[in-house]
Amino acid sequence: MKDRTYLVTGAARGIGLCIARHLLFLGANVALADIDGKALNTLEDLSDRASLHDCDISDRAACADLIAAVLAKHGALHGLVNNAATPDISPWDALDFDRYDKVTAINQSGALALCHAATPALRKTRGAIVNVASIMGMVGSEAAAPYSMAKGADLTLTRCLAVDLAPDGNRVNSI
């Protein structure tokens, strides 16, 4: 993993932080991105191989800027872990379409924008994309239509990109 760089989104806490710490443990350079800049700042002493990036992935331009910042800092990108997500528990009869727009902007469109922005760099390194999905994207769940729909779209995105990027030696998977 030495001299390899990975970008992990939703990395200020939880699963994303665990993934980032494990990649650092393995010797990789890791760019940690999260919308919560305050939480990221608590990680300043994580490692000299880590870089911290405050980013709202629901903003497509911010996704492109994030990839540019990672490349400027680390020189290359070998992997993208799309972990950033926002949950939603919304009873069907009380569905809030503004909330739905936010959930899909982060969970679905953000992953798409990051994959698109990262593809040129990943093609150069024959890098990989891992999209963190959810069982809720495969089966329905009570009061979770927006989240389930977005995670289902992430699974479909993974399948499509796996086919599109395989000829260039890139791997795309979901966990």
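The values are calculated or read from the model by the stated rules, or taken from the named source; none is laboratory data. All of these numbers come straight from a predicted model, not from anything done at the bench. Ideal geometry is used to build each Cβ from the backbone, glycine not excepted, and the neighbour counts take in all protein chains shown. Surface accessibility is based on the protein's heavy atoms, side chains included, excluding ligands, DNA and RNA. Shrake-Rupley method; radii C 1.70, N 1.55, O 1.52, S 1.80 Å.
Note: relative contact order over region 31-175, using C-alpha pairs below 8 Å and six or more positions apart, is 23 percent.
Here the gap between GLU142 and ASP54, fully extended at 0.36 nm per residue and compared with their Cα-Cα distance, gives a gain of 28.4 nm. Phi angles of region 100-111 translate, via the Karplus equation with coefficients 6.51, -1.76, 1.60 and θ = phi - 60°, into HN-Hα couplings of 4, 4, 5, 4, 6, 5, 8, 6, 10, 5, x, 4 Hz per residue; Gly and Pro are given as x. Quick check on region 15-78: take the gyration tensor over C-alpha atoms, sort the square-rooted eigenvalues as a ≥ b ≥ c, and tell me if it's rounded (a/c under 1.5), prolate or oblate. Taking the square roots of the gyration eigenvalues as a ≥ b ≥ c, region 15-78 is oblate. Placing unit charges on the Cβ atoms of the charged side chains and taking the dipole of the chain about its Cα centre, the candidate lying farthest along the positive direction among ALA143, TYR100, THR5 is THR5. A helix-only calculation puts the chain at -13500 deg cm²/dmol for mean residue ellipticity at 222 nm, using -39500 (n - 2.57) for each DSSP H run of at least four residues, averaged over all residues. Rounded to the nearest 20, the size of the Cβ-charge dipole of the chain about its Cα centre is 820 debye, with Lys and Arg at +1 and Asp and Glu at -1.
From the coordinates of this entry, volume of the Cα convex hull per residue in Å³ is computed, and it appears in (i) 133; (ii) 146; (iii) 103 under the label (iii).
Between 0 and 90 degrees, the angle of helix 145-165 with respect to the longest Cα principal axis of the chain falls at about 40 degrees.
Taking all protein chains as they are arranged and a probe of 1.4 Å, the heavy atoms of SER51 leave approximately 10 Å² accessible to solvent. In the assembled protein chains, LYS151 presents an accessible area of approximately 10 Å² (probe radius 1.4 Å). Phi-derived couplings, Karplus 6.51 cos²θ - 1.76 cosθ + 1.60 at θ = phi - 60°, listed residue by residue for region 72-80: 5, 6, 10, x, 7, 9, 10, x, 10 Hz, with x used for Gly and Pro. Taking HIS22, HIS78 and ordering them by how much accessible surface each has at a 1.4 Å probe, largest first, produces HIS22, HIS78. So which lysines can LYS124 reach, going by Cα to Cα under 24 Å and dropping same-chain residues fewer than 8 places off? Candidates past the 8-residue exclusion: LYS2, LYS73. Please give the residues of region 128-153, grouped as numeric ranges, whose backbone N is less than 19 Å from a label point set 7 Å along the Cα-to-Cβ vector of PHE97. Within reach of a label on PHE97, which here means backbone N under 19 Å from a point 7 Å along Cα→Cβ, region 128-153 contributes 144-150. For SER174, the amide hydrogen comes within under 5 Å of the amide hydrogens of ASN131, counting only partners 5 or more places away or on other chains and with H modelled in the peptide plane.
Projecting the Cα positions of LEU26, LEU112, CYS55 onto the charge dipole of region 1-141 (unit charges on Cβ atoms of Lys, Arg, Asp and Glu, taken about the Cα centre) puts LEU26 furthest along the positive direction.
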